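Have a look at the structure below before the remarks.
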Amino acid sequence: MDSLASNGIAPRILVTGGAGFIGSAFLNLFVPKAPDSIFLNIDSLSYAGNLGNLTALSRCPNYEFKQLDITDQQAVNRCFESFHPDWVVHFAAESHVDRSILDPGAFVRTNVIGTYNLLEAARRTWSDLTGKVFHHVSTDEVFGSLGSEGFFTETTAYDPSSPYSASKAGSDHIARAYHRTFGLPVKITNCSNNYGPRQFPEKLIPLMILNADEGKPLPVYGKGENVRDWLFVDDHCRAIWSVIQRGVIGETYNIGGNSERTNLQVVEAICKAVEEKTGKSGLADLITYVADRPGHDLRYAIDASKIKNDLGWEPTVTFEEGLSRTVSWYLDNPAWVNSVRTGAYRDWLETNYSDRSRG
């Protein structure tokens, strides 16, 4: 692993949304690998935040957790003033397109106002910018929809289709503006669809794994022709680490998995994997087609040549390997699954999405 700081001093690292899917994967990977750094995880512990994702870190002396909502500006300011972070790794976000259609305001508050609060706290407390990095984690959805050909690059114009992607586009623009206007040391990454263990089961892959295992319908939007590029979560986290350490301040880097699949192909692959691991059969017969969601982008595809050429990163986990590992994890961890499928989440899911797929 690369040295953490050019001046030889281990940075103090503030991670937002570290109890969520990608944030917890990042912490589980790098807290043990950077024992001289102190990691502070702040998370509001909303429906998708789960401290059970971080049990492996319970005895790590360089890891701390604080429950904090980034939409609370005063709480964010106090956090910066007391912790004195050198790096901010900003994962915290509302991230589910379907939820954004039901409640756009929540996405504006967290993704736009929350990001502003963090940037403003950094601007006010970082009097010396030596060794400082504000890393903003974003999505390829800000670019809108592709046709059957072409790829998103770092210079693709933004054209978001959903309240979720529009709120992330807004947060990207604010982060970039804080670099250009105030000189804040911002770096931005835009990633393709993540998957892997511990993803909240409203998203396509974990939902379909669990439904297939339980013999429930596998609802697919439209004809299942929408295409996404799939990125294993640990590969994504390693890319972020590379950008934080060696990426150029003010630059944006696209992170992709080189694994384009239609939604139908993904669901069919899940059926096959669950059958192989459980001995069940006929799971593809559970696939049902439901009305498409509003503003459903046809295709996303990432050109990740910049991060490969500049930083030497490329994905190491194939879709087949990553999906096999992911299916095994969900089948082998029923206690975790049951813990996140109870209470408010269960009631919400049954009320709003009992017959729809998640993308």
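The values are calculated or read from the model by the stated rules, or taken from the named source; none is laboratory data. Predicted model, so just to flag it, every value in this text is computed and none were measured. Note that each Cβ is placed from the backbone with ideal geometry, even for glycine, and that neighbours are counted across all protein chains shown.
With respect to ALA239, determine if the residue is crowded, with 19+ Cβ neighbours inside 10 Å and more than 25 Å from SER148 (Cβ to Cβ). Judged against the criteria, ALA239 is a match.
Test SER100 against the stated conditions and say whether it is over 16 Å from the mean Cα position of the chain (by Cα) and closer than 28 Å to PRO294 by Cβ. When the stated conditions are applied, SER100 does not pass them. Could you go through the range 31-38 and let me know if any residue there is part of a helix (DSSP H, G or I) and of a type in the set (A, V, I, L, M, F, W, C). For the range 31-38, residues part of a helix (DSSP H, G or I) and of a type in the set (A, V, I, L, M, F, W, C): absent. ASP332 - would you say it is more than 26 Å from CYS191 (Cα to Cα) and at pLDDT 95 or above? Taking the combined requirement at face value, the residue satisfies it. Inclusion of VAL89 among residues that are modelled with pLDDT of 95 or more and hydrophobic (A, V, I, L, M, F, W, C) is warranted. For the range 61-109, the candidate set comprises residues that are among the hydroxyl-bearing types (Ser, Thr, Tyr) and assigned to a loop (DSSP other than H, G, I, E, B); within that set, the residue that is surrounded by the most Cβ atoms within 10 Å (Cβ to Cβ) is SER95. Of the helices (runs of 4 or more DSSP H) lying entirely inside the range 263-332, those containing at least 2 residues that are surrounded by 15 or more Cβ atoms within 10 Å (Cβ to Cβ) and hydroxyl-bearing (Ser, Thr, Tyr) span 319-332. Restricting attention to the range 294-332, the residues being more than 21 Å from the chain's Cα centre (by Cα) and either of a type in the set (Phe, Trp, Tyr) or closer than 22 Å to GLU268 by Cα (or both) number 2. When the range 242-262 is filtered for residues that are assigned to a strand (DSSP E or B), buried (at least 22 other Cβ atoms within 10 Å of the Cβ) and touching a Gly at 6+ places or on another chain (Cβ under 9 Å), only TYR253 remains.
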